[in-house]
Amino acid sequence: MTNHPHEELASNRRAFMKLASVAAAVPTAAALLGGALSGSAVAAEPDGLPDYAPVPSSAFGPALNEDGYFVGQIKDNLYWVTDSYYQAMFLTTRTGVVLVDAPPTIGHNLLRAIDKITKANGMPGKVTHLVYSHFHADHIGASSIFDKNVVRIGHTETCRLLRLAGDPNRPAPSVTFEDTYTLRVGGETLQLAHHGPNHTPDNIFIYAPDQATLMVVDVIFPGWVPFRNLAVSQDIPGWIKAHDIAMKYPWTTLVGGHLGRLGVRTDGRLQKQYVDDLLTSARAATASVELTPFFEKYGPTGNGWAIFKHYYAAVTEATARPVIEKYTGVLAAADVFTYDNAAVMTESLRVDIGDLGPNGIRP
């Protein structure tokens, strides 16, 4: 991509451009995205809170029971639990239960769900193994409700990070692995794999081959756009790559760790397209938004941070607008988190990928 030469920036003097005028850069991004719907669905309400586009019915999962959870069968002895915000997965076996993750918002409902299923099926209801997808407290912060003798399994980096955290609700795993680990319990199998940093340095892929089910957390959000800041991920290139890795697994069902329903392969392809479109739009915005007006406004005061605060806000706006328009009504909350996701994508484009735009090598 061609950078704006500094001499061109110096010669191209014009009045300070307000943020509202950034829309002029949007058609370039929109054209690269293959067209978009018109309009954004955000409007102020009397209480000051914004109103958003309706959530597509396809984004919702099953209704919760009176205890505030849903437990359902994926296939054979594999089940999932959700409170419509978080998800866990468990295998019933002839020797006990293997649980994957223990989100605190589900908490003791995990015990209720497991008890309900195992009693109905005449299987042992004791949790003997607990697999950690990664170290984040919002996914494993209820580990402490399970017996100390439960075999906790996780990546070596998960163990290191949990020991550093010293959180009594997240005991460090007693069984760790570097690359792959096959867990066989009571005639059931889970294949664990670490494919490099993505959402976190330790986030792993959990595959149930007999049930053709993949659990990978905080990467794909079936029916929804990713949570803010690209799922608060620590390695954005790795997180983007994780979509391709996930799609190489031969799964038919996805447990994404969040929200109220399971995923199918169409969900993976759709989110991958959203991420690709966001990156394409970020490239177009970086090439289109001029830096000069921000230097003209704030340069004389020596306030370098003000220059880049408003320049990158303009790039983010130009990145987000066509993506919001394209995916509103397609992916839930496209108008809620796409701006935050665009901000992180444009920053990663600059610092990770090396597309520096007007801040390239000085001629």
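Taking N as the number of residues in the chain, what value does Rg over Cα atoms divided by 2.2 N^0.38 Å take? Write out the running numbers ahead of the final one.
Values: Rg = 23.2 Å, N = 363, 2.2 N^0.38 = 20.7 Å.
Expressed relative to 2.2 N^0.38 Å, the Cα Rg reads 1.12.
Given a cut-off of 15 Å, what percent of all Cα-Cα pairs of the range 303-356 lie beyond it?
Details: 736 of 1431 pairs.
The proportion of pairs with Cα distances above 15 Å equals 51 percent.
I'm a student and want to see the number: the projected area of the Cα convex hull of the range 94-243, averaged over all directions, in nm². Can you show the working numbers first?
Values: hull surface 36.2 nm².
Here the figure is 9.1 nm², rounded to one decimal.
Under the Kirkwood approximation for Rh and a Cα-based Rg, what ratio Rg/Rh is obtained for the range 211-265?
0.94
So if I average 1/r over every pair of distinct C-alpha atoms in the range 61-170 and take the inverse, what Kirkwood radius in Å does that give? Mind dumping the intermediate values first?
Numbers: mean 1/r = 0.0710 Å⁻¹.
Averaging 1/r across every pair of different Cα atoms and inverting gives 14.1 Å.
Give me the number: length gained by fully extending Thr301 to Lys241, i.e. 0.36 nm times residue separation minus the C-alpha to C-alpha distance, one decimal in nm. All intermediate terms of the calculation are to be shown ahead of the outcome.
Details: separation 60, 0.36 × 60 = 21.60 nm, distance 4.19 nm.
Gain on extension, Thr301 to Lys241, equals 17.4 nm.
Any chance you could count the Lys pairs in the chain whose alpha carbons are under 30 Å apart, treating pairs 8 or more apart or on different chains as valid?
23
Between Arg163 and Val351, with labels modelled 7 Å along Cα→Cβ, what's the label distance in nm to one decimal, could you check?
For the pair Arg163/Val351, the computed spacing is 2.9 nm.
Expressed as a fraction of 2.2 N^0.38 Å, the rule-of-thumb size for a compact globular protein of N residues, what is the C-alpha radius of gyration of the range 191-309?
With N residues counted in the range 191-309, Rg over 2.2 N^0.38 Å equals 1.38.
In Å², and per residue, what accessible area does the chain have when probed at 1.4 Å with the other protein chains present? Please report the intermediate quantities before stating the final value.
Values: 15940 Å² over 363 residues.
So the chain comes to 44 Å² accessible per residue, rounded to a whole number.
The values are calculated or read from the model by the stated rules, or taken from the named source; none is laboratory data. Since the model is a prediction, treat every value here as computed from it, not as a measurement. Please note: Cβ atoms are built from the backbone with ideal geometry, for glycine as well, and neighbour counts cover all protein chains shown. These accessible areas exclude ligands, DNA and RNA; they are computed on the full protein's heavy atoms, side chains included. Shrake-Rupley method; radii C 1.70, N 1.55, O 1.52, S 1.80 Å.
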